[in-house]
Amino acid sequence: ATTIPNDYTVRRIESRDFEGAKTALAGLTIVGEISQKEFDSILNYWDSVLLPTGEQAYNTFVITVKDTERVAAIGTIFIEKKIIHNGGLVGHIEDIAVNSDFRGQKLGKILIDYLSSVGKQLGCYKTILDCDVKNVGFYEKCDYKEAGIEMQIRY
Ligand code: ACO
């Protein structure tokens, strides 16, 4: 796995990441109008959802610049408890975004490697994700393989 450069930190998302998280995620999709208060209540909700093991199901991490605390990248691994596979756990990687000022420096790969290791540590038998065709090469570099296709219904 690629190691994190000295001038960056990987940590769980916090309230103070409000602006930085929104900016990074705006490079992925529509963030919409979300207040600091709503942001904090989402983080509190995430913190409250526990697996039977007592571990947190929602795990959103940021890579920040050590000096400035600027959010360079953000991503989530959500852990799902199943009946199948002997009551197994599956990791779902969601909402990956590297701030456009920080792309091409391996931070995306470092983040995916980190999230994948969290899934393994928490006992998942696999971790899966959906992505655009244009990002297949990126995920292949992170050791993911194509498996099936995404289907959706939109509301
Ligand atoms: N296609 C093919 N290869 C790629 C791509 C791509 N789209 N993007 C990066 N790579 C390669 C790099 O060249 C590098 O290869 P190397 O190790 O041989 O030099 C390797 O993948 C790692 O690249 P990083 O530098 O870690 O990529 P970066 O930090 O720029 O992050 C990311 C890539 C996350 C796709 C970024 O461009 C981004 O945030 N894009 C906009 C939002 C987005 O599309 N997010 C993913 C949504 S899917 C999801 O959330 C589950």
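The values are calculated or read from the model by the stated rules, or taken from the named source; none is laboratory data. Predicted model only: the values in this text are computed from it and were never measured. Note: ideal-geometry Cβ built from the backbone for every residue, glycine included; neighbour counts use all protein chains shown. For accessibility, only protein heavy atoms count, side chains too; no ligands or nucleic acids. Shrake-Rupley method; radii C 1.70, N 1.55, O 1.52, S 1.80 Å.
Within the shell defined by Cβ-Cβ distances under 13 Å, the residues around Lys126 carry a net charge of +1, with Lys and Arg each +1 and Asp and Glu each -1. Counting only protein heavy atoms and a 1.4 Å probe, the chain has 64 square angstrom of accessible area per residue. Across the accessible surface of segment 55-155, with the other protein chains kept in place and a 1.4 Å probe, carbon and sulfur atoms take up 50 percent.
Each peptide in 2-8, 75-81 receives the mean, over its residues, of other Cβ atoms within 10 Å, and ordering these scores from highest gives 75-81, 2-8. Placing unit charges on the Cβ atoms of the charged side chains and taking the dipole of the chain about its Cα centre, the candidate lying farthest along the positive direction among Ala57, Val136, Ala26 is Val136. Among 101-108, 28-35, sorting by the average number of other beta carbon atoms lying within 10 angstrom of each residue, highest first, gives 101-108, 28-35. Taken one residue at a time, the phi angles of segment 121-130 give Karplus couplings (6.51, -1.76, 1.60, θ = phi - 60°) of 4, 7, x, 5, 7, 7, 10, 10, 7, 10 Hz. Gly and Pro are set to x. In straight Cα distance, which lysines are under 16 Å from Lys145, not counting same-chain residues fewer than 8 positions off? In chain and number order, the partners are Lys109, Lys126, Lys134.
Each principal axis of the Cα atoms in the chain has its own extent, and those three values, largest first, are 45, 37, 35 angstrom. For the pair segment 10-49 and segment 68-128, the centres of their Cα atoms are 16 angstrom apart. Karplus-based coupling profile of segment 18-24, in residue order and whole Hz: 3, 5, x, 5, 4, 4, 4, with θ = phi - 60° in 6.51 cos²θ - 1.76 cosθ + 1.60 and x standing for Gly or Pro. Summing Lys and Arg as +1 and Asp and Glu as -1 over all other residues whose Cβ lies under 12 Å from the Cβ of Glu80 gives a net charge of +2.
Evaluated with a Cβ-only charge set (Lys, Arg +1; Asp, Glu -1), segment 8-141 carries a dipole of roughly 460 debye about its Cα centre, given to the nearest 20. How much net charge surrounds Val136 when only the other residues with a Cβ under 15 Å from the Cβ of Val136 are counted, with Lys and Arg +1 and Asp and Glu -1? Once all neighbours under 15 Å are counted, the net charge is -2. Coupling constants for segment 31-48 follow from the phi torsions by the Karplus curve (6.51 cos²θ - 1.76 cosθ + 1.60, θ = phi - 60°), and in residue order they are 8, x, 8, 10, 8, 4, 5, 5, 4, 4, 6, 5, 4, 5, 4, 3, 4, 7 Hz; glycine and proline get x.
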